[in-house]
Structures are given as C-alpha cells and as structure tokens.
Amino acid sequence: MSFFRPTIDKLSPYVPGLQPAAGVSVVKLNTNENPYPASPRALEALRQLDPQRLRCYPDPLADEFRQTVATVLNLDPSWVLVGNGSDDLLTMVVRAASGPNLPVVYPSPTYVLYRTLAEIQDAPVVAVPFDDHFALPVDELVNASGAVTFVANPNSPSGTKTTNTQLARLADTLDGLLVVDEAYVAFAEDDALALVAEHPNVIILRTLSKSHGLAGLRLGFAIAQPPIIAGLAKVKDSYNVDAVAAHVGAVALRDTVHTSEVVERIKNDRAQLATALQELGCYVWPSQANFLLVRPPQSNAKQVHQDLETQGVLVRYFDDPALATTLRITIGTSDQHAVLLDSLRTILGRDPAATTGNGA
C-alpha cells in the first residue's frame with residue numbers, strides 16, 4: 001500500500017554525486033565544488049554572527065542579501081528573489097508555471113533535476129537532444145511549446161555555452177518562460193543578464209555554490225522583471241533562506257576582488273588540465289565552466305570511473321546513453337590534478353611524455 005500519488009511512486013529521484021563519509025580522504029572532483037576557501041570576509045562574518053539571528057526567524061525575503069545582489073548588479077531589488085540555493089528557485093518556477101498540459105522543455109543532456117521537478121508536478125517533459133557539439137537546438141525547443149524552457153548556460157555536464165544572440169532568439173519566439181540557469185557563468189566569457197530587461201519572459205538563475213565557494217550554505221537568486229518575481233514569491237516556502245546564509249552570502253557577494261581572483265585561478269587551471277588530459281589521448285570538450293567533459297581513449301568511461309574510485313579519485317559518471325563514453329571532471333587544485341593525472345596514466349597505460357592531441 002502506498003500513501004503517495006502514483007507519480008511519486010514511479011518517480012526516479014535525483015541522484016547527486018557521491019559524497020565520501022566523514023574522515024575518508026579522497027580527491028573529490030565529482031560535484032563541481034570550488035576547491036578554494038570562501039571569502040575571508042565572509043568567514044569572519046560567520047565567526048562574528050550575532051546569536052540573536054539564530055533565535056529569530058529570518059527576513060522572509062532575505063532582504064539584506066537581496067539588496068546586496070541589487071547593488072552589485074545595478075538592479076532594483078524588485079527584480080531579485082532569493083532562494084535556498086538555485087535548486088529552490090527551480091522548484092518555484094516549475095511549481096508556479098508547469099503542470100498537466102504545461103510542458104517543461106530543455107535540451108539534453110543537461111541538469112537532470114529539471115526532469116525530476118517536472119515529473120513531480122505531473123508536467124509533460126520534452127527533452128530535445130543536443131548534437132555532438134552541444135549546439136543549442138533553438139528551432140526544436142521552440143516547436144516543443146514549453147510552458148517553461150530551461151537552458152543551463154554554461155551547460156552541465158558539457159561546459160559548453162550558448163551565445164546571447166541564440167538565447168535572445170529563443171526568448172523572442174517562445175510563448176512560455178525561458179529560464180537561463182547561470183550556475184557556472186562566473187567561469188564563462190560573458191553572461192545573459194541584459195536579456196532580462198529586454199524580454200519579460202526571461203528568468204536568470206545564479207548561485208553562490210560554485211564561484212563563491214559556499215555550496216554548503218545553500219544560497220541562490222533569481223533575476224527577472226518584477227511581475228515574474230512577484231509570481232514566484234507567491235509559491236516560495238515561508239522563510240526559505242536562513243539568516244546565516246543571507247548574512248554571510250551578502251558579505252561574500254560584496255567581496256568581488258576575492259571572487260575574481262579565485263575564478264581566474266580556476267580558469268587557468270582548467271586550461272592546464274584540459275591540455276594534460278588531451279596529452280593522455282582524451283577528447284575534451286571546450287568548457288566555460290569549472291569542470292571538463294572528457295571522453296577517455298577507447299571510450300571506456302565507466303571502467304575508468306570505477307578504477308579512479310578504487311584509487312581514491314572521485315569523478316562523475318552519468319548513467320545516460322548520451323554520456324556513456326564520458327566523464328565529468330571538476331577543476332580542483334594543482335595537487336589534486338597531479339593525483340588525477342598520475343592515476344589516469346596508470347589506468348590508461350600512457351607514457352606521460354606522449355602527446356596525442358585532442359581526440360586521439
């Protein structure tokens with residue numbers, strides 16, 4: 001006997017990357033976390049936190065953080081909504097705008113939570129395949145007639161990025177909402193923020209998990225025109241952002257110098273790791289995120305994933321036919337990369353001096 005809706009009984013839950021048990025030492029390159037500490041100013045704000053903030057309920061709109069987002073991005077606060085991570089905001093969008101006969105559409109493969117959230121709402125799901133180069137299938141997305149269309153930009157797990165021209169064309173043509181999920185945009189060449197002012201159906205989502213090193217805090221925000229923000233606020237959970245996250249996140253967001261330095265370091269490390277992987281015979285997709293999508297030689301990704309895990313190196317393998325030959329590898333520290341590359345040389349049987357180029 002089940003107490004749940006048939007939809008929930010049949011639902012395949014979202015499966016996150018493996019989290020090692022406390023005290024287990026591994027090289028963790030599987031969940032796109034920032035390998036460097038958060039802003040020193042944010043850490044000091046956490047240490048100096050007023051205990052009264054824990055006794056009282058937080059501001060229902062996380063106004064301190066909301067105002068900070070508005071100031072940093074030169075927006076009016078009415079264009080900003082704060083969430084318990086960007087996943088919380090994804091839930092609000094799907095809850096507010098989709099359901100039976102109101103499809104959720106996205107290019108695939110991408111962030112699998114989009115499907116999970118849509119199925120919870122009994123919304124039809126239309127996953128439009130990317131080509132091998134992860135070019136955005138604009139016409140096919142439009143033809144799918146989504147009430148909500150998600151585009152992760154840069155995309156995960158590919159790291160590839162769609163141009164703003166393509167996104168603008170999509171926004172112009174869609175009748176429903178276009179949600180541009182910019183979780184990784186700090187590592188990209190540009191962002192799509194300007195589209196919000198030009199298109200009343202566009203929502204931009206961002207998070208402090210990646211570029212700000214605050215994945216454990218759970219804090220994100222949406223940017224859209226005020227009527228959209230007001231609609232989403234109707235379906236958010238009460239007090240959805242805790243006082244600690246809102247305060248520490250505001251301090252971190254203001255420390256733009258620290259964030260920029262960390263982001264540049266990760267981008268440089270990304271380029272170096274991509275070159276090293278190519279020298280091992282891997283195909284590496286061009287990335288504008290804090291990870292690389294990699295096809296090992298002989299395309300034996302699942303076995304390589306298992307062998308790396310045996311050696312204490314965690315990378316991400318997706319049980320998806322479109323990704324069966326690939327691994328997603330988070331950009332870590334240079335020391336972590338050295339361990340990864342040494343392990344791969346052993347597994348692949350490659351001479352570290354051999355250079356084979358991308359795709360060999």
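Is it the case, given these coordinates, that VAL94 is modelled with pLDDT of 95 or more and aliphatic (A, V, I, L, M)? So VAL94 fits the description; yes. Taking the criterion of being farther than 25 Å from ASP319 by Cβ, in contact with a strand residue (DSSP E or B) (Cβ under 7 Å, 6 or more places away or on another chain) and assigned to a helix (DSSP H, G or I), the residues of segment 139-177 that qualify are LEU167, LEU170, ALA171. Pairing residues of segment 206-224 that are in contact (Cβ under 8 Å) with a residue 24 or more places away in the chain with residues that are basic (Lys, Arg) and part of a loop (DSSP other than H, G, I, E, B), at Cβ distances under 8 Å and at least 6 apart in sequence or on separate chains, gives SER209/ARG218. Scanning segment 241-294 for residues that are more than 16 Å from GLY213 (Cα to Cα), assigned to a loop (DSSP other than H, G, I, E, B) and more than 20 Å from the chain's Cα centre (by Cα) yields ASP242, LEU280, GLY281, CYS282. Of all the listed residues (ARG218, ARG169), the sole one being in the same structural domain as GLY83 (by TED's automatic domain parsing), at pLDDT 95 or above, of a type in the set (Lys, Arg) and under 20 Å from the mean Cα position of the chain (by Cα) is ARG218.
Identification of helices (runs of 4 or more DSSP H) wholly contained in segment 1-110 with 2 or more residues that are surrounded by fewer than 14 Cβ atoms within 10 Å (Cβ to Cβ) yields 6-10, 40-47, 52-55, 63-73. The condition of being assigned by TED's automatic domain parsing to the domain that holds ILE329 and surrounded by fewer than 21 Cβ atoms within 10 Å (Cβ to Cβ) holds for PRO286. Here is a list of conditions, (1) of a type outside the set (Ser, Thr, Tyr); (2) out of contact with any Ser or Thr (no Cβ under 8 Å at 6 or more places or on another chain); (3) in a loop (DSSP other than H, G, I, E, B), and VAL180 meets all of them except one; can you say which number that is? The number of the failed condition is (3).
For segment 310-332, a tally of residues being touching a residue at least 60 places away in the same chain (Cβ under 8 Å) and part of a helix (DSSP H, G or I) returns 2.
Residue under question is ASP122, and the condition is that it be surrounded by fewer than 19 Cβ atoms within 10 Å (Cβ to Cβ) and either among the β-branched types (Val, Ile, Thr) or at pLDDT below 95 (or both); does it hold? No, not satisfied.
The values are calculated or read from the model by the stated rules, or taken from the named source; none is laboratory data. In this text, all values refer to a predicted model and were calculated from it rather than measured experimentally. A quick note on method: Cβ atoms are made from the backbone with ideal geometry, for glycine too, and the neighbour counts reach across all protein chains shown.
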